[in-house]
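Taken together, the values in this text are just the output of simple stated rules run on the coordinates, not laboratory data. Keep in mind it's a predicted model, so treat the numbers as computed, not measured. Ideal geometry is used to build each Cβ from the backbone, glycine not excepted, and the neighbour counts take in all protein chains shown.
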Amino acid sequence: MPSFQKTCPQTPTFENALLVGCYRSSRDKKKTLDSLDELKRLAETAGAIVRHRLVQEVRKIDPSTYIKSGKVEEILALAQSGDLHVIIFDEDLSPTQNRNLEDVIGVKVLDRTGLILDIFAKRAHTKEGKLQVELAQMKYLLPRLVGKGIHFSRLGGGIGTRGPGETQLEVDRRRARERISRLQQELEGLKRHRKIHREKREAIPLPIVTLVGYTNAGKSTLMKSLTGADVFVADTLFATLDPTVRRLKLPSNREILLTDTVGFVNKLPHQLIEAFHSTFEEVRSSDLLLHVIDISHPLYRQQVTAVEGVLRDLELDSISLIKIYNKMDLFHHEDSPEDPIIGISALKKEGLKNLLLSIDDHLSKNLKQVSLFFPYEDFQPISEIYKNCRVLSRKDLGKGVRLSVEMGEKHLNRYQRFIEGHK
Ligand SMILES: Nc1nc2c(ncn2[C@@H]2O[C@H](COP(=O)(O)OP(=O)(O)OP(=O)(O)O)[C@@H](O)[C@H]2O)c(=O)[nH]1
Ligand SMILES: [Mg+2]
């Protein structure tokens, strides 16, 4: 029986990396170069020093090594002559390509997915976050355990082998499957727990407003500036993995729940989307999404498109959304974004009043004016109503109280039995 012990081979603190980007035709070259810039940031976040880049036209993908054998030779020469610890491909490699490249070059090979999973493993702090990342990593590793066994063991630890990577070294597919189903069970348990939490939260049906956006756009900074929440902010990718929720009062005195959550990235690994299902479930119950955009980023338009793509994939695109252009203090572009513009600086706390008014405005649009009657023997919900909705008028009558209230769908459902004229 293979052991399930963690093995921690010697790893340099920083690993020298070679990045490889491939494009099908010269039209795509610029896109590949941009994507490689992002891969560099991802690699640095994982602890690598990017020493070399290889950008290559690949008309036809080689099924055994992705790039042509000539290029493999070139990389081999580089690996033999220098201090190279890891090769990172921007495109996803098949398990076979990954293994073959490592066999020939003798250096650890990762793809973008493996790298992102590694960063998530480093960042996960809560029990649920850790389980989710481990599940994603196991799913990524499972097809890589076929055939010759585990190739990573020869190639040292470090980037791409953190978290379950290390425990994987000795396990076979059966044990990996067992682990996957155990993780799924545990997550299911946590999900039930979370559901109870959510139901409790929804018992006070405050509108839920969720910050979404590309990683590093400034979501957590905005959360901090608006609510004073002590959330982690960093100039690094995937600073936030675990959702944080705080109450916030809008100018109309209406209270909302503001949620900060995990950022998106181009080519977000599907294993992560699946594993973070319950995190995204939470987003699904939002009344409004605030899409935070880093306008100072030269590729902000592509980032917007990537985020919109992920929202569509997660079927979150039916929730109403406001685009917020952040980091206006750094904004130097000639071309201005599409309107209507909400420009802010989360860091300098500029434009926040305007943002809060817009949130108020958006939420009001989904509100209806209704008349409710509370008999004196069923009077308790009135204090809740005063707290969570806008009361327009009140009349104390002989048998109870009549309120004219502005409320959203959530409240309409909750207080349906008090609505006058309702059968
Ligand atoms: N100049 C400037 N920097 C900002 C602004 N907002 C955020 N930042 C910086 O941008 C970096 C990323 O901010 P975060 O708030 O961690 O970004 P995030 O969207 O939560 O990122 P993830 O959690 O990785 O998805 C930090 O270095 C912030 O200080 C802003 O309005 N102006
Ligand atoms: Mg964050």
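What the table below lists for this structure:
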quantity: Trypsin sites (Lys or Arg not before Pro) restricted to DSSP loop in the range 369-405 with at most 10 other C-beta within 10 Å; calculated: Lys399
quantity: Set of aspartates and glutamates near Lys399 by C-alpha distance (under 18 Å), chain-local residues within fewer than 8 positions excluded; calculated: Glu377, Asp378, Glu420
quantity: Computed [θ] at 222 nm, helices only, for the chain once each DSSP H run of length n ≥ 4 contributes -39500 (n - 2.57); calculated: -12500 deg cm²/dmol
quantity: Count, lysine Cα pairs under 19 Å in the range 204-364, 8 or more residues apart or across chains; calculated: 20
quantity: Contour excess over end-to-end distance, with Cα ends at His125 and Ser252 and 0.36 nm allotted per residue; calculated: 42.1 nm
quantity: Label point distance in nm, Arg41-Glu308, each placed 7 Å from Cα along Cα→Cβ; calculated: 2.0 nm
quantity: Between the range 218-270 and the range 20-81, the alpha-carbon center distance in angstrom; calculated: 34 Å
quantity: Low-density loop positions, trypsin sites (Lys or Arg not before Pro), the range 26-97 - DSSP coil, at most 14 other Cβ in 10 Å; calculated: Arg59, Lys60
quantity: Residue-count net charge about Thr236 - beta-carbon cut-off 11 Å; Lys, Arg +1, Asp, Glu -1; calculated: +1
quantity: Cα shape, the range 265-423, gyration tensor, a/c 1.5 rule; calculated: prolate
quantity: Label point distance in nm, Ser371-Asp92, each placed 7 Å from Cα along Cα→Cβ; calculated: 5.8 nm
quantity: Percent of beta bridges antiparallel (DSSP, the chain, rounded to nearest 5); calculated: 40 percent
quantity: Cβ-Cβ FRET estimate between Asp62 and Leu357, R0 fixed at 45 Å, reported to 0.05; calculated: 0.20
quantity: Positive minus negative residues near Ile319 (Lys, Arg vs Asp, Glu; Cβ under 10 Å); calculated: -2
quantity: Principal-axis tilt of helix 300-313 within the chain, Cα atoms, nearest 10 degrees; calculated: 80 degrees
quantity: Sorted by Cβ density within 10 Å, fewest first, the residues Thr244, Thr259, Thr126; calculated: Thr126, Thr244, Thr259
quantity: Burial ordering of Asp242, Asp361, fewest other beta-carbon atoms within 10 Å first; calculated: Asp361, Asp242
quantity: Cα→Cβ-extended label distance, 7 Å offset, between Arg402 and Gln185, nm; calculated: 5.9 nm
quantity: Using alpha-carbon coordinates, inclination of helix 69-81 to the longest axis of the chain, degrees; calculated: 80 degrees
quantity: Radius 12 Å from Cβ of Phe374, net charge of other residues (Lys, Arg +1; Asp, Glu -1); calculated: 0
